[in-house]
Amino acid sequence: MDAPAAGAEESVRQGHPLIRAFTAEFDDYRHDESRSQGEAQSISFPQTEEDVCEVLRTLHGDHTPITVQGARTGLAAGAMPHGGHVLNLSRMNRCLGLRRDADGSFFLLVQPGVVLSELRKYLKGKSIPSAGWDESSLEALSALQDAPEQMFPTDPTEASACLGGMAACNASGARSFRYGPMRPHVTALRLALADGDVVDLRRGQVFARGRHLELSTEAGRTISVDLPTYDMPHAKNASGYFVQDDMDAIDLVIGSDGTLGVITQLELALMPTPPVIWGVSCFFADEHQALDATVGLRDEVASAAAIEYFDPASLDILRTQREQSTAFSALPLLAADAACCVYVELHCQDEDLALAELDRVGGIVERAGGSEAATWVARTELDRESLQFFRHAVPESVNMLIDARRRTDPAITKLGSDMSVPDDRLHDVIELYRTTLSAAGLEAAAWGHIGNNHLHVNVLPRSSEEYARGKALFGEWAREVTSMGGAVSAEHGVGKLKRDFLAIMYGEEHLREMARVKLAFDPYGQLGRGNLFDASLLEGGA
Ligand SMILES: Cc1cc2nc3c(=O)[nH]c(=O)nc-3n(C[C@H](O)[C@H](O)[C@H](O)COP(=O)(O)OP(=O)(O)OC[C@H]3O[C@@H](n4cnc5c(N)ncnc54)[C@H](O)[C@@H]3O)c2cc1C
């Protein structure tokens with residue numbers, strides 16, 4: 001999803017070197033991976049924070065709506081423009097420096113457009129582009145080259161996502177079962193505000209007092225805001241603003257879905273790559289067995305870094321793809337009696353520990369009704385890559401299926417859930433999905449982060465009528481999941497597609513509290529318009 005080469009088309013604002021008319025050449029920038037299409041009048045591809053601030057200052061005068069875009073892999077239409085300007089950060093893709101603290105931990109400073117797959121390549125090769133780095137960063141780089149291999153743990157499956165977008169959504173993914181979401185791994189960031197002023201935040205330095213937060217900008221302004229009063233769910237959560245008593249200010253920005261400001265730099269905490277990483281795929285004859293195994297794995301396998309699930313419909317989709325498409329012919333052949341699969345990834349300090357953990361996994365699988373013969377173990381990186389291909393192939397295949405169905409009925413679009421519940425409600429939520437899907441007569445495939453009680457249930461509508469039925473069902477689930485103490489978005493963010501669910505989860509008054517926070521940062525509601533709030537909530541701003 002690269003930006004097109006800088007062309008010679010006329011600037012949309014007379015003489016402005018950065019802002020260009022949104023011509024047909026930029027059609028791709030009307031959507032993200034949710035496939036919803038938006039509109040815009042102008043676009044820019046800044047390369048530096050100063051460029052970003054310059055564009056923001058220019059557009060602030062007439063309160064132009066601005067949609068921030070990273071790599072547009074988001075699934076909630078957060079990066080889909082809502083009129084006005086598209087601020088695309090894909091050219092802000094430089095690593096800016098490296099820091100090593102007294103404990104020997106490394107912290108990498110990046111621009112927001114650095115792509116996750118590139119970051120992984122740099123860390124694997126211990127070779128980070130360092131042009132323009134200062135002396136202390138170069139020293140840290142030399143120390144990193146002598147140190148054990150480092151990794152960044154957040155793994156949102158789609159490695160073409162960029163770091164700024166991941167922070168804006170508080171992305172998670174498989175390994176968040178062990179390492180948590182993006183939030184704790186971001187130690188500092190810079191946020192450009194709608195008027196071009198900047199807030200610089202470092203973890204551990206600026207805290208709320210109770211639910212009141214005051215922030216100083218670089219121009220000397222104070223943002224003073226009462227934080228919302230809701231309690232967040234005890235479940236994986238990326239729904240609306242993160243708030244807690246006495247919270248660190250940086251945590252409000254992470255997961256704010258492009259509505260408070262533009263993240264122009266972020267510092268990432270790296271960690272040593274575990275010396276032994278094994279992936280274990282356990283196939284079962286039915287879903288109940290898979291759920292029993294999940295609970296056992298979660299409770300008893302301390303080195304489990306990821307516990308993922310693929311339901312019977314997901315495996316059937318893979319079987320079809322393998323037969324029908326050469327692009328998927330490398331997928332492993334699945335046994336006929338393999339109905340569903342639980343994948344567990346073990347991160348261990350040495351092979352002895354990994355063997356002991358593998359033994360434990362084997363015991364749990366057999367207790368649940370599985371067998372060693374129906375379990376694959378990937379011990380090498382090559383084998384794990386093949387499993388990664390397998391895991392990535394499921395959402396990709398579903399997207400392709402939806403695209404094909406859309407050709408017969410343009411009203412059909414992707415309909416995937418992103419809800420989570422607390423641990424003790426896993427069986428209840430699966431029962432909810434199964435009974436309501438069957439009663440509604442809808443085809444669906446479910447997969448995802450079952451270790452966190454967080455599945456992506458994707459309805460596969462064959463007509464606009466089925467699409468409408470599926471959408472109504474998601475509303476019902478949002479209410480049920482909320483009553484179970486869960487979250488309506490666990491990792492993709494609310495964007496534009498889940499605003500109604502956010503209202504179900506927190507209620508109108510708490511939404512108003514969130515909107516007041518937004519207006520304290522962005523008084524004219526320019527940024528991320530349509531994300532989290534509908535327009536009526538932002539009326540009466542500055
Ligand atoms: C096949 C597939 C699988 C996926 N699996 C997962 C998964 O397992 N876990 C998961 O968490 N996600 C998953 N995703 C979703 C997606 O990859 C993430 O949401 C990703 O974090 C978004 O990053 P991006 O750079 O593409 O952001 P974009 O899509 O460009 O933007 C996302 C949001 O962030 C805002 N934004 C972007 N950059 C900035 C910035 N610098 N400052 C302020 N706001 C900004 C945008 O306005 C928008 O609201 C998946 C996506 C696909 C296509």
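Derivation of every value follows stated rules applied to the coordinates shown; laboratory data play no part. The structure displayed is predicted, hence computed values, not measured ones. Neighbour counts are summed over all protein chains in view; Cβ atoms, including those assigned to glycine, are modelled from backbone coordinates with ideal geometry.
Charges on Cβ only, +1 for Lys and Arg, -1 for Asp and Glu, centred on the Cα centroid of region 6-91; of Val52, Thr73, Pro17, which one is farthest towards the dipole's positive end?
Toward the positive end, the furthest listed residue is Thr73.
P(r) for region 6-91, please, calculated from all Cα pair distances in 10 Å bins and given in %.
It works out to 19, 54, 26, 1, in whole percents.
Sorting check: for 77-89, 465-477, 177-189, which peptide has the highest mean count of neighbouring beta carbons within 10 Å, and how do the rest follow?
77-89, 177-189, 465-477
7 Å from Cα along Cα→Cβ at both Thr408 and His212: what's the point-to-point distance in nm?
6.1 nm
Once the convex hull of the alpha carbons of region 98-272 is built, what does its volume come to per residue, in cubic angstrom?
Details: hull volume 23.0 nm³, N = 175.
Spread over its residues, the Cα hull of region 98-272 gives 132 Å³ apiece.
Cα-Cα pairs above 24 Å in region 6-159: how many percent?
Pairs farther apart than 24 Å: 44 percent.
Can you tell me the dipole magnitude for region 98-272 around its Cα centre, using point charges on the Cβ only (Lys, Arg +1; Asp, Glu -1), in Debye to the nearest 20? Show your work: numbers first, answer last.
On the way: 16 positive and 23 negative charges, 105 e Å.
It comes to approximately 500 debye.
In nm², what is the average projected area of the convex hull enclosing the Cα atoms of region 209-264?
Details: hull surface 17.5 nm².
That works out to 4.4 nm², a quarter of the Cα hull's surface.
What is the dipole size for region 380-442, taken about its Cα centre, with +1 at each Lys and Arg Cβ and -1 at each Asp and Glu Cβ, in debye to the nearest 20?
400 debye
Treating the beta-carbon of each Lys and Arg as +1 and of each Asp and Glu as -1, no other charges, what is the dipole magnitude of the chain about its Cα centre, to the nearest 20 debye? Before the final figure, lay out each step's value.
Details: 49 positive and 79 negative charges, 180 e Å.
Dipole of the chain, to the nearest 20 debye: 860 debye.
Using 0.36 nm per residue of separation minus the Cα-Cα distance, give me the extension gain between Asp337 and Thr380 in nm, one decimal. Present the calculation step by step, with values, prior to reporting the outcome.
Details: separation 43, 0.36 × 43 = 15.48 nm, distance 2.62 nm.
Result: 12.9 nm gained on full extension.
Tilt of helix 116-125 relative to the longest C-alpha principal axis of the chain, in degrees (0 to 90, nearest 10)?
70 degrees
Using a Förster distance of 60 Å, how high is the FRET efficiency between Glu476 and Ala143, based on the Cβ-Cβ distance and rounded to 0.05? Don't skip to the end; give the middle numbers.
Values: r = 54 Å, r/R0 = 0.90.
For Glu476 and Ala143, the calculated efficiency is 0.65.
Can you tell me what the convex hull of the Cα atoms of the chain projects to on average, as an area in nm²?
Working: hull surface 100.0 nm².
Quarter of the Cα hull surface area: 25.0 nm².
Taking 7 Å along the Cα-to-C-beta vector as the label spot, tell me the Glu372-Arg319 distance in nanometres, rounded to one decimal.
Label-label distance for Glu372 and Arg319, simple model: 2.7 nm.
Measure nothing fancy, just the Cα-based angle from helix 464-483's long axis to the longest principal axis of the chain, in degrees from 0 to 90, nearest 10.
90 degrees
What 222 nm value per residue comes from the helices of the chain, counting each DSSP H run with n ≥ 4 as -39,500 (n - 2.57) and dividing by all residues, nearest 500 deg cm²/dmol?
Details: 14 runs with 184 residues, N = 542.
After summing the helix terms and dividing by the residues of the chain, the value is -11000 deg cm²/dmol.
To the nearest 0.05, how large is the calculated FRET efficiency for Arg120 and Glu509 if R₀ is 45 Å and r is the Cβ-Cβ distance? Spell out each step's value before the answer.
Details: r = 43 Å, r/R0 = 0.95.
The value I calculate is 0.60.
What is the extension gain from Arg202 to Ser464, computed as 0.36 nm multiplied by their sequence separation minus the C-alpha to C-alpha distance, in nm to one decimal?
Values: separation 262, 0.36 × 262 = 94.32 nm, distance 4.75 nm.
Full-extension gain reported as 89.6 nm.
Please report Rg (one decimal) and Dmax (integer) in Å for the Cα set of region 273-396.
Cα-based Rg and Dmax for region 273-396 come out at 14.1, 42 Å.
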